[in-house]
Amino acid sequence: MDSLLFLCARRVAAQRPLPALPADLYHVLFQAAFLDGRPLVLHDLVATWPFPVLNMQRLVGHRELLRDHPSQDCVEAVIQAVVAQLRRELEEPGCDFSLRVLDMTGLSDSVAGRTTTGLSVWCSTKALAKACVEVSKHQREFQRCRSKRRKGPSRAAVATATPQSPGVDVHAHLFVDRRSYRILRDALQTGAASSLHLKCREFKAVDISASEIVTLLESLDPSCLRRVELCFNNLGLTGLSVILPHLSRFPELRSLKVRYSNVDVRHLMPKSAMRIRSVARQLGMLPSLRELNLGSSQLSGNLRQILCDIQAPLESLELAFCSLVPADLTFLSQSIHAPALKMLDLSFNNILRGLLEPLQLLLEETSASLLYLDLSHCHVADSHLAALLPTLLRCSRLRFLGLYGNSLSTAAIKDLLQKTLELPDLHLVVYPVPEDCYKPDQQESGWDFVVDKELLAATTVEISQILENSGRTDIVWTYNPCVHGVLDYFSL
């Protein structure tokens with residue numbers, strides 16, 4: 001239920017122009033204007049923002065606030081208000097503006113897919129990049145006009161005399177693909193001379209070349225970057241070895257995700273063996289690295305070679321679709337990383353390839369720290385689950401368990417439920433549709449199996465009843481793999 005203050009703020013935000021406002025009402029008015037999709041009001045609020053910092057995620061990053069309301073126009077209005085401020089500071093020396101930091105980090109994750117018009121990281125990146133180019137272009141034109149008016153002094157003297165705005169730092173997550181590469185490159189390369197300073201906290205590149213990724217990385221502020229994600233870029237070992245040396249200039253880099261990038265180290269030739277050593281050395285030169293995602297890399301027996309030079313323990317390791325073999329899990333259980341792991345994703349690795357025993361050993365070593373475990377689509381059967389259960393129950397801090405896509409019976413799932421009730425922090429379990437909840441169905445091409453909705457509904461009710469009777473209604477058990485968002489292990 002909305003507070004009386006918020007309801008009043010919505011009434012005020014419905015007016016334009018806004019009346020004179022005390023500073024302590026700006027935050028709630030910003031929330032109200034964003035909720036109701038009033039970009040012009042937001043522009044006016046930012047134009048007179050009385051504080052040095054505007055953190056949009058703190059103000060409007062709550063899903064319950066943003067659901068079913070437009071947001072893209074609102075975000076762009078905020079950006080344009082900052083651009084207008086910088087223009088005035090350049091053209092009207094003495095203008096007194098307070099805003100110096102616009103923090104947009106986390107905003108895109110909160111609103112993507114939750115609003116009528118939608119807001120993607122790509123949209124906000126493109127809007128910011130255009131704003132940087134616009135500000136830089138205006139500064140050049142202003143200096144050119146000023147130079148023509150002052151015929152006496154030299155060009156260098158005129159440039160020195162031109163008033164310098166302290167500028168505005170914009171902290172943001174940047175997403176680049178083929179559509180946004182050129183404009184983002186131009187924005188970053190002109191950023192040094194611009195009064196609008198892009199500070200990238202998280203950088204994601206999709207379907208661009210290694211050289212293009214390097215071009216952008218070289219233009220980023222080294223003090224801010226914490227996460228890099230490279231997806232569908234077809235890098236291979238060669239591209240990865242080209243990019244990694246450029247990451248060492250970011251001392252705060254804590255997360256590196258390299259997914260679907262055609263990294264295959266299963267059959268090492270002499271040249272590829274040299275590249276994998278190079279990759280390992282470069283990973284070892286990232287002192288703050290705590291999260292590593294090598295999803296869909298074909299590692300098969302080479303996990304040791306990849307991780308051997310990393311000096312500090314990883315806290316999050318995602319190895320989905322990595323064709324792991326027993327030697328990989330054995331190495332991991334004996335490594336410095338195992339006792340520190342909070343998040344472990346082994347989904348889409350086949351437990352039938354001899355992984356059961358080394359997985360038990362690995363879980364023993366991670367049991368004191370592990371919060372998130374994903375074993376989805378690992379060919380786990382009832383017998384495997386029974387063997388893993390004693391070790392799972394030692395993971396006393398476990399919050400998430402993913403088992404979707406495995407062949408488990410209703411009896412095995414209920415047994416898991418009963419025994420994991422003792423885990424005090426367990427919050428979400430994603431289980432597979434029980435194999436006995438399928439029924440045969442005659443298709444043109446032969447027999448197939450479809451879900452028996454009545455049996456599944458009965459199982460769901462039974463699971464809910466067990467949770468209710470045990471007093472653990474705080475735990476969510478679901479067969480819907482999309483019910484939970486992407487885990488942010490930094491917040492765990």
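The values are calculated or read from the model by the stated rules, or taken from the named source; none is laboratory data. Since the structure is predicted, the reported quantities are computational estimates derived from the model, not experimental observations. Glycine gets a Cβ as well: all are built from the backbone with ideal geometry, and neighbour counts include every protein chain shown. We work out accessible area using only protein heavy atoms, side chains counted, and drop any ligands, DNA or RNA first. Shrake-Rupley method; radii C 1.70, N 1.55, O 1.52, S 1.80 Å.
Here are the numbers for this structure:
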read-out	value
Apportionment of accessible area to carbon and sulfur, the chain, percent (1.4 Å)	52 percent
Karplus (6.51, -1.76, 1.60) ³J(HN,Hα), θ = phi - 60°, over region 321-329, in Hz, Gly and Pro reported as x	6, 9, 6, 5, 10, x, 4, 5, 6
Charge tally in the Cβ shell below 13 Å around S288, where Lys, Arg are +1 and Asp, Glu are -1, S288 excluded	+2
Principal-axis tilt of helix 453-469 within the chain, Cα atoms, nearest 10 degrees	80 degrees
Counted charge near S464, where neighbours are those whose Cβ lies closer than 15 Å (Asp, Glu -1; Lys, Arg +1)	-1
Dipole of the chain [Lys/Arg +1, Asp/Glu -1 at C-beta], most positive-end residue of S383, A457, I243	I243
Degrees between helix 181-190 axis and first principal axis of the chain (Cα, 0 to 90, nearest 10)	50 degrees
Relative packing of peptides 303-313, 27-37 - highest average C-beta neighbours within 10 Å first	27-37, 303-313
Along the chain, longest interval not containing exposed GluC sites (Glu not before Pro), exposed being DSSP loop plus at most 13 other Cβ atoms within 10 Å	1-251
Helix axis angle, 410-420 relative to the chain longest principal axis, alpha carbon, degrees	70 degrees
Across K257/K453; K342/K419; K419/K453; K342/K453, pairs whose alpha-carbon gap is larger than 30 Å	K257/K453; K342/K453
Area accessible to solvent at S211, 1.4 Å probe radius, in Å²	80 Å²
Heavy atoms of Y438: accessible area, 1.4 Å probe, square angstrom to 10	90 Å²
Helix-only mean residue ellipticity at 222 nm for the chain, each DSSP H run of n ≥ 4 adding -39500 (n - 2.57), per residue, nearest 500	-12500 deg cm²/dmol
For L426, residues with placed amide H under 5 Å, excluding near neighbours	none
Per residue value of the accessible surface for the chain (all protein chains in place, 1.4 Å probe), Å²	46 Å²
